[in-house]
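Worksheet: the structure to be examined is printed underneath.
The values are calculated or read from the model by the stated rules, or taken from the named source; none is laboratory data. The structure presented is a predicted model; accordingly, all values stated were derived computationally and were not measured. Methodologically, a virtual Cβ is constructed for each residue, glycine included, from the backbone with ideal geometry; neighbour enumeration extends over all protein chains shown. Ligands, DNA and RNA are stripped out before the accessible areas are found, and what is left, the full protein with its side chains, is counted by its heavy atoms. Shrake-Rupley method; radii C 1.70, N 1.55, O 1.52, S 1.80 Å.
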Amino acid sequence: MWMQVSRLIGVAAVFMAVCACARSGEVAAKDDAGTASAPAETRTLKAYGSDAALRKQFAEWRKEAERERRARAKHPQPVFAPSAPPAPSAPPPVVLESASADAAASTAEAGAEASITNVQTAGVDEGGIVKRRGDHLVVLRRGRLFTVRIGDDSLQPVAQVDAYGPGIDPSGAWYDEMLVSGDTIVVIGYSYQRGGTELVLFDLSADGGIAYRATYHLRSNDYYSSSNYASRLIGNTLVIYSPMFLSWHDENLEAQLPGLRPWRKDLPRDAAFTRILPAGRIYRAPRELDPDAGVALHTVTVCDLAQRELDCRSTAVLGAPGQTFYVTGEAAYVWTNPWSWRDDDAPRVSDVFRIPMDGGAPRAMQALGAPIDQMSFLERDGHLNVLLGSQANGQWMWAPERDAGALALMRVPLSLFADGRDAARPEHYRLLGEDALRGGSVHNRFVGDWLLLGSGSAWSRSDRIAPAFAIRYAGDGGFQRLQPGHGVERIEAMGSDAILIGSRRQDLHFTSLRLGEDASVAHARVRPNAAQGESRTHGFFYRAEGPDTGYVGLPIIGRGSNGEQTASVTFLRNRALQLSAAGELDARRGPRRDDACKASCVDWYGNARPIFIGERVFALMGYELVEGRYDAARVVERRRVDFAPTSPAVIAD
């Protein structure tokens, strides 16, 4: 899309001239009669309004598909299928997401319920594998829930239960994410056998006991992303993104729309669903969709976890199948784009939807390109800022790890979101006019007033050395080039500054960045013979002690003196951006026991986390929880507990 600046401006200018016009600084659109419509701030998307309108749309698509089929039969043409993205080898069980400067600052609070999750947006929790509730940690691993008591200076396993309901066959299901709201635990998973998202509710007692409450089945297609999380929690409100890929050949409309049912083992696959998405909550942008290229119903479902019985409602937008999901405290964004795996940087038109959390009608706009992942978004100060790639295809499995193509930063006022007819203009794009980040996996993060980006490997050690870049997203300056001297596989906030983490050959590098009037490399630290043990953002945590001091925690994989692979959580001390080694908490290596795993037996979301709670520090590594203590600014082991399911069986290494 941005192979050449002149090409983008030309294409964008033509596109914008067709889709929108600027009038006295106010975006206006034309209605069918050619007269000016209402101002953008009063326009929203229109809903279908009735099932009859939806069926009419499906009938039109069927007719169009039949016309295309007949035309192809009459004039056959060679078919060149777009090349699918190369499937990388399955990553090691590892895991991505970083806190903004505001969120990172909030981790300095030592309050009883301070977050232990490295989230993107302060106040918006994300589904993960470990959460804290009062005196207990709750851990989700390999299809089971565990609680460990940490209150009163204890470290004691309390309870374990299956993460699915009694009588449910867990085969073909993945129980991926977990959130805690008050005394309610909700596990979010996907069942390929039953064909939908599962919401499993448990009661958490004051003594750490876990009691199964209910399972709810949300009709949906697979939500899994290699980088994003499907669930968020804002107060007591659970927010879930789920897609439904529509087939206009299927005249059973009801079976293609989201529904919810309490699960009973005697229910047939498609029985007893209560529809939670009326036609009046299904919206679309006015731009024509190409049914042959795929159409998806992108659904955002909100549920009140303060109620004993799950009460959910959905809002959906129709769009192209590619998507990226981002949540603020006030709205959910869904960026939809056509799937395309091409060798050129030609622009693709995307629809961007903003769905309010208060139940109001969504708004939309049009743009070029697509985000790399959810971390490419920042809503702040009345604007939406998004890093775009010409070849980015959204957050679907392994797509964020591909070469994103040429890059640009889009910054648009929220007032541009209206009924979907308006589009970002050329002046809303700022281009990175070079190919320095091509060929690698791009990692990006908004930290304070800056957008930071770099390129490295997705999962493994790499010899790649590429520059990193920094740009003040609200300014008009160019990109500032940085030279960390290693690949960039992770970018995180450290208070109002940042840290770049990545490999160079067999070593893991940590580079602190000073973000002031300019961005600059401050200090570097090397951990020899190591690589990241987690790729998702939740694997990292920064505990701020003051404005410019704190501790970094990160799971790593290393090599012992005998050449065997080791797992640990490493800690760094930050003093005014000077990084020093602060110790490691190691996983204990021993015979592997059979845990009788029945579901989710691969740690796709990772199994290791650094955890900071007040003055205490922990390392979660598989079934081990290791507590450390601070000794002369270093973290050393104090004690550990193994909460693995008891089993006499031992698996030989």
(request) Would you tally the residues in the stretch 521-566 being under 18 Å from TYR605 (Cβ atoms) and either part of a strand (DSSP E or B) or out of contact with any Asp or Glu (no Cβ under 8 Å at 6 or more places or on another chain) (or both)? (result) 10
(message) Take the residues in the stretch 118-147 that are in a strand (DSSP E or B) and in contact with a helix residue (DSSP H, G or I) (Cβ under 9 Å, 6 or more places away or on another chain); name whichever of them is surrounded by the fewest Cβ atoms within 10 Å (Cβ to Cβ).
(response) VAL130
(request) Go through the stretch 285-328 and count every residue that is aliphatic (A, V, I, L, M) and out of contact with any strand residue (DSSP E or B) (no Cβ under 7 Å at 6 or more places or on another chain). (result) 2
(request) Output the residues belonging to the stretch 183-201 that are crowded, with 23+ Cβ neighbours inside 10 Å and farther than 16 Å from ALA599 by Cα. (result) ILE185, VAL186
(message) Anything in the stretch 355-397 that is at pLDDT 95 or above and at positive phi? List them, or say none.
(response) ASP381, GLY382
(request) For the stretch 358-382, enumerate the residues that are among the hydrophobic types (A, V, I, L, M, F, W, C), out of contact with any strand residue (DSSP E or B) (no Cβ under 6 Å at 6 or more places or on another chain) and open to solvent by 10 Å² or more (accessible area, probe 1.4 Å). (result) ALA361
(message) Among the numbered criteria (1) closer than 23 Å to GLY606 by Cα; (2) open to solvent by less than 40 Å² (accessible area, probe 1.4 Å); (3) at pLDDT below 95, which one does ILE168 miss?
(response) (1)
(request) Considering each residue of the stretch 153-183, count those that are in a loop (DSSP other than H, G, I, E, B), among the aliphatic types (A, V, I, L, M) and closer than 26 Å to SER226 by Cα, and give that number. (result) 1
(message) Being among the polar types (S, T, N, Q) and farther than 19 Å from GLN120 by Cβ is the requirement here; does SER441 meet it?
(response) no
(request) Being outside any strand (DSSP E or B), surrounded by 15 or more Cβ atoms within 10 Å (Cβ to Cβ) and basic (Lys, Arg) is the filter here, so list the residues in the stretch 231-281 that pass it. (result) ARG281
(message) I'd like to verify a number: residues in the stretch 459-503 that are assigned to a loop (DSSP other than H, G, I, E, B) and either open to solvent by 30 Å² or more (accessible area, probe 1.4 Å) or modelled with pLDDT of 85 or more (or both), how many?
(response) 23
(request) Could you list, in sequence order, all residues of the stretch 504-521 that are open to solvent by less than 10 Å² (accessible area, probe 1.4 Å) and not aliphatic (A, V, I, L, M)? (result) PHE510, THR511, SER512
(request) Output the residues belonging to the stretch 597-616 that are within 26 Å of the chain's Cα centre (by Cα) and part of a strand (DSSP E or B). (result) ALA608, ARG609, PRO610, ILE611, PHE612, ILE613
(request) Quick one: CYS303 ticks every box in (1) within 24 Å of ASP419 (Cβ to Cβ); (2) in a strand (DSSP E or B) except a single one, so which number is it? (result) (1)
(request) Name, by its number, the condition in (1) closer than 20 Å to TYR192 by Cβ; (2) surrounded by 20 or more Cβ atoms within 10 Å (Cβ to Cβ) that does not hold for SER314. (result) (1)
(request) Could you pull out the residue among GLY590, GLY614 that is out of contact with any Gly (no Cβ under 8 Å at 6 or more places or on another chain), surrounded by fewer than 17 Cβ atoms within 10 Å (Cβ to Cβ) and within 26 Å of GLU126 (Cβ to Cβ)? (result) GLY614
(message) Restricting to the stretch 194-230, give me the number of residues that are in a loop (DSSP other than H, G, I, E, B) and not charged (D, E, K, R).
(response) 14
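One line per residue, one yes/no per condition, for (1) among the aliphatic types (A, V, I, L, M); (2) under 30 Å from ARG559 (Cβ atoms):
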{"residue": "ASP476", "(1), (2)": "no, no"}
{"residue": "VAL488", "(1), (2)": "yes, yes"}
{"residue": "ALA498", "(1), (2)": "yes, yes"}
{"residue": "SER503", "(1), (2)": "no, yes"}
{"residue": "ARG514", "(1), (2)": "no, no"}
{"residue": "ASP518", "(1), (2)": "no, no"}
(request) Tell me which of these GLY546 doesn't satisfy, since it passes every other one: (1) under 29 Å from the mean Cα position of the chain (by Cα); (2) modelled with pLDDT of 95 or more; (3) more than 28 Å from SER227 (Cα to Cα). (result) (2)
(message) With among the β-branched types (Val, Ile, Thr) and either open to solvent by 10 Å² or more (accessible area, probe 1.4 Å) or over 22 Å from TYR48 (Cβ atoms) (or both) as the only criterion, which of VAL302, VAL295 stands out?
(response) VAL302
